[in-house]
Amino acid sequence: MNHKYGFHCNRTGDDILRAFRRIKPAVVKVLDPNVDFLTNLRKIRPDVFIIARIVVALEQQNRFADDPVGEGRAFADRVLGMEASRTTFQGRPLLDAWESYNEVFPESTAPDVMRKYDDFQVAFGQKIKAAGLEPVGMNFATGNMLAQHFLDYFPGTLETYTYLGFHEYDWPTMWRLHEENIREKNEGGMWLTLRYRRVMPEVRRVYGNKHIALMTECGMTQGVIPGKDDIGWLAEPPVSEQQYWDSLMWYNNELMKDSYVKAGLLYVVGAAGGWPKWESFEHLGGIIDRLEAYQNSAPPVTPVTPTPIVSPQPPAATLQSTLLAEAARRQVIELNPNAALQKQIFADGFVPTSPEFEVTFDNGRYVGQRAEHLTSGEVRVYYVRSGAWDQVAYHRRTSGDAMMAV
């Protein structure tokens, strides 16, 4: 197929089945796992990859932090108890996958809460896989999370899951912020749409080709603009069908470049809820007409994975380079004036700019913390060999990189 677009269906209905018969997308996601509807999808395309998600109130989602493992298992039991999870079609499960929670928190969330969600997703995913289905993890709101979040806070999910979900939107074109960022800041873009590329290459460097990316939601929303409501391309002021189609073709061209991307699920094909807000995201109609014409007129395209960028071999590690690298990676402010390192930091007229962190070097374990002087801008990493809290030292970030005891 010459595109990677699938359907995100908020409801069931004959109009969606008619659209599915015309497009026969490889992936469909449903919020109503109705057995009759899903069976009809399979009759039309037996190998369609069907993902289900049920809507869970935000206050209920937030309960995961109280008992991550228990809540994860309980949620898995809940969805596995549904009729669609227990139904087969021609000797195979009617469903292929279940999503975990949806847009559960932003990337500003405290690390300990993210780690609890990792535990939740692992508990959920293990039970889903034991039932012969696939869990789809992450599914954070557009513009949230980068590779370091995935690697630092969700290692269990990355070990357990194959499918990683992303939500990608922009407005009034799907390339707006991508191109604006390149033009104005030269940062490479990819902060809203294509943000998956700020995650997947790094994840693949650590885990190899284990993971498959799914854009479990994609399209347009004015909600990416500060102060605007979360409404779609048909809302006032509307984007013309041709303008939206141009954006979809641009985005598809990018998705086709990455072999690890399975699909981009158009939000929404079959709006529901009786609220005009969701109708403003609808793709039934002209967009389906255009997609059918496009796939019938253009030849299939073989996805091409971009050639990896080969970085120069880094110099041999030293304790100071190890400390500085870890300090830079963890640069946030966390104050605890009673801690041994911070006592010395404040005594020297500096302020901490990272939490305490641990590194292992030459068979020794060290606790470190980054600090800056507010006047001179000097950067230091204060550290101590683990357990020797009365022997605080620091390394100053200078060309000489001399170690100085305090």
Checking Pro201 against (1) in contact with a Pro (Cβ under 9 Å, 6 or more places away or on another chain); (2) buried (at least 20 other Cβ atoms within 10 Å of the Cβ), the condition it does not meet: (2)
Selection from segment 221-255 of residues that are surrounded by fewer than 19 Cβ atoms within 10 Å (Cβ to Cβ) and assigned to a loop (DSSP other than H, G, I, E, B): Ile225, Pro226, Gly227, Lys228, Asp229, Asp230, Leu234, Glu236, Pro237, Pro238, Ser240
Single residue of Asn186, Asn139, Asn209 found to be touching a residue at least 40 places away in the same chain (Cβ under 8 Å) and on the phi > 0 side of the Ramachandran plot: Asn139
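Per-residue answers, yes or no, for (1) surrounded by 15 or more Cβ atoms within 10 Å (Cβ to Cβ); (2) touching a Pro at 6+ places or on another chain (Cβ under 9 Å); (3) within 22 Å of Ile288 (Cα to Cα):
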| site | (1), (2), (3) |
| --- | --- |
| Leu31 | yes, no, yes |
| Arg45 | yes, yes, yes |
| Ala57 | no, no, no |
| Arg63 | yes, no, no |
| Pro68 | yes, no, no |
| Glu71 | yes, no, no |
Cross-chain or 6+ apart pairs with Cβ under 9 Å, segment 13-31 first and more than 22 Å from Asn2 (Cβ to Cβ), then of a type in the set (S, T, N, Q) and not in a helix (DSSP H, G or I): Val30/Asn10; Val30/Thr12; Leu31/Asn10
Selected residue (criterion: farthest from the chain's Cα centre (by Cα)) from residues of segment 180-220 that are under 19 Å from Trp250 (Cβ atoms) and assigned to a strand (DSSP E or B): Met220
Positions within segment 138-184 being among the acidic types (Asp, Glu) and surrounded by fewer than 22 Cβ atoms within 10 Å (Cβ to Cβ), in sequence order: Asp152, Glu159, Glu179, Glu180, Glu184
Pairs, first within 16 Å of Val199 (Cα to Cα) and in the same structural domain as Thr193 (by TED's automatic domain parsing) in segment 246-264, second exposed (fewer than 15 other Cβ atoms within 10 Å of the Cβ) and of a type outside the set (Lys, Arg), C-beta under 6 Å, six or more apart: Lys257/Val304; Ser259/Pro303; Ser259/Thr305
Yes/no for Pro315 being at pLDDT below 60, under 30 Å from Met249 (Cβ atoms) and part of a loop (DSSP other than H, G, I, E, B): no
Selected residue (criterion: modelled with the lowest pLDDT) from residues of segment 77-124 that are among the polar types (S, T, N, Q) and surrounded by 20 or more Cβ atoms within 10 Å (Cβ to Cβ): Ser100
Selection status of Val104, assigned to a loop (DSSP other than H, G, I, E, B) and either within 24 Å of Ala263 (Cβ to Cβ) or within 16 Å of the chain's Cα centre (by Cα) (or both): yes
Members of segment 124-164 found to be more than 30 Å from Thr87 (Cα to Cα) and outside any helix (DSSP H, G or I), listed by number: Ala141, Thr142, Gly143, Asn144, Met145, Leu146, Phe154
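The values are calculated or read from the model by the stated rules, or taken from the named source; none is laboratory data. Computed from a predicted model, the values in this text were never measured in an experiment. Cβ atoms come from the backbone with ideal geometry, glycine included; neighbour counts cover every protein chain shown.
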